1. If we sort 51-59, 230-238, 199-207 on the protection proxy, mean other Cβ atoms within 10 Å, highest first, what's the order?
2. How high is the FRET efficiency from S160 to I374, r the C-beta distance, R0 30 Å, rounded to 0.05?
3. Using only the alpha-carbon atoms, how far is helix 2-13 inclined from the longest principal axis of the chain? Give it as 0 to 90 degrees, nearest 10.
4. Please give me the summed charge of the neighbours of R168: other residues whose Cβ is under 12 Å from its Cβ, Lys and Arg +1, Asp and Glu -1.
5. Could you work out the local net charge near A58, counting Lys and Arg as +1, Asp and Glu as -1, over the other residues with Cβ closer than 13 Å to its Cβ?
6. What does the charge dipole of the chain about its Cα centre add up to, to the nearest 20 debye, if the Cβ of each Lys and Arg holds +1 and the Cβ of each Asp and Glu holds -1?
7. Can you tell me the alpha carbon radius of gyration of region 168-210 divided by the globular rule-of-thumb value 2.2 N^0.38 Å?
8. May I ask for the angle, rounded to the nearest 10°, between helix 211-227 and the longest principal axis of the chain, with both axes built from Cα atoms and the value confined to 0 to 90°?
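The values are calculated or read from the model by the stated rules, or taken from the named source; none is laboratory data. Only a predicted model underlies this, so the values are computations on that prediction, with no experimental measurement involved. For neighbour counting, all protein chains shown are included, and Cβ atoms are generated from backbone atoms with ideal geometry for every residue, glycine included. Surface accessibility is based on the protein's heavy atoms, side chains included, excluding ligands, DNA and RNA. Shrake-Rupley method; radii C 1.70, N 1.55, O 1.52, S 1.80 Å.
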Amino acid sequence: MDTKKSSSAVENKYRALLQPFTLPNNMELKNRIVMAPMTNFSSNPDGTVTEAEVNYYARRSSGVGMVITACANVTPNGKGFPGEIGADSDEMIPSLKALAQGIKGQGAKAVLQIFHGGRACPPNLVPNGEIVSASDVPMENEGSPTPRPLTEREISEIISAFGETTRRAIEAGFDGVEIHGANGYLIQQFFSPHSNRRDDQYGGSIEKRLSFPLAIVKKVQETVQEHAHGPFLVGYRFSPEEAETPGITMEETLVLVDQLATLGLDYLHVSLQDFWAKARRGADPSKTRIELIQERIAGRVPLIGVGSIYTADDALKALETTDVPLLALGREIIIDPDWVQKVETGKADEIVTKLDKSKQKELVVPDPLWNAIINSPGWFPGVD
Ligand SMILES: Cc1cc2nc3c(=O)[nH]c(=O)nc-3n(C[C@H](O)[C@H](O)[C@H](O)COP(=O)(O)O)c2cc1C
């Protein structure tokens with residue numbers, strides 16, 4: 001009897017994590033936990049998903065409310081990783097369908113992350129080795145190639161490609177798309193004063209640097225209006241600051257957030273390594289980035305928080321102290337795919353928070369992702 005009592009007390013403690021949440025488009029998520037988008041390097045060279053990859057997602061889709069896939073490229077010259085999910089032609093629709101079914105079949109909402117890598121693409125993955133971006137400014141890492149600035153016509157084509165990829169996601173049965181405007185890829189490259197030195201309609205003032213990201217949101221939303229037969233969500237992910245000077249400051253990010261909050265998106269998703277990180281510059285240094293973003297959003301759109309959340313207590317604290325309605329787990333949902341189920345059944349203390357290197361098979365992690373993890377000391381807890 002005592003055991004029963006303590007298990008229901010534990011359940012009660014984490015109840016906030018398990019409450020359903022309704023997005024602005026009326027789609028209900030069964031709880032507050034989302035699988036963060038994570039590249040897994042495991043698709044075939046032609047961009048079709050592999051069985052191992054679908055199994056990896058299915059293994060993680062019965063607990064969380066929503067799964068956001070690894071990024072998928074919208075054009076051939078936007079492919080940023082080997083083994084990336086392809087979404088740049090209609091031939092990919094059956095493969096995308098298998099992925100959506102793998103996730104939805106286990107009960108989670110399935111969201112395809114759509115992206116273009118811009119200057120971060122490895123030359124060997126793109127046609128003719130030609131890297132493109134807003135301007136001819138390479139990344140600051142030693143040896144990074146100098147990209148070719150996109151023409152205005154090419155920019156319009158990429159905006160259209162985000163729409164076409166959204167249509168493919170609809171046809172494949174996804175519940176939504178997340179526009180990947182974070183982590184230094186093409187959308188962020190247009191917003192950033194570091195990588196965008198243009199003086200046409202897409203560069204110069206902050207308003208002009210915003211025009212590419214906002215045009216993509218508009219195109220994706222128009223595509224949903226035109227092609228979706230039921231609720232289909234559109235989210236947007238952004239990174240709060242850049243280390244480089246010039247570079248995106250927190251102040252500029254809050255301008256982006258302010259604009260995005262007016263567009264009728266279903267959520268914004270901040271990309272952070274540490275949920276509790278404070279602003280580097282351009283904002284009140286005593287507040288966390290999430291607090292500053294939430295203040296600016298002022299209830300206009302739900303925010304997904306993320307970053308080094310491992311235990312149920314970490315998650316509860318994040319939800320309760322910042323008022324963020326949804327939390328994404330990245331590395332932790334690879335380490336313990338049963339995270340949500342353990343919280344649901346009063347076994348939160350059994351959540352595993354360090355990767356068990358002997359359990360690749362049980363954890364259902366495809367070889368390319370597993371090898372990337374175990375060969376990168378310090379990336380995942382338990383891997384030194
Ligand atoms: C293996 C791996 C691949 C990732 N790939 C992506 C990606 O494709 N798109 C993206 O927006 N973020 C990507 N991220 C970042 C995660 O979504 C997340 O923001 C980050 O890992 C911090 O959350 P965590 O501490 O819960 O892992 C990746 C992270 C990892 C560990």
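1. Numbers: 51-59: 19.4, 230-238: 21.7, 199-207: 13.3.
Packing order, densest peptide first, comes out as 230-238, 51-59, 199-207.
2. Details: r = 40 Å, r/R0 = 1.34.
Efficiency for this residue pair is about 0.15.
3. Orientation of helix 2-13: about 20 degrees from the principal axis.
4. It works out to a net charge of -3.
5. Values: positive: R59, R60, K104; negative: E51, E53.
It works out to a net charge of +1.
6. Numbers: 39 positive and 51 negative charges, 143 e Å.
Computed about the Cα centre, the dipole is about 680 debye.
7. For region 168-210, the normalised Cα radius of gyration comes out at 1.52.
8. Its long axis makes an angle of about 70 degrees.
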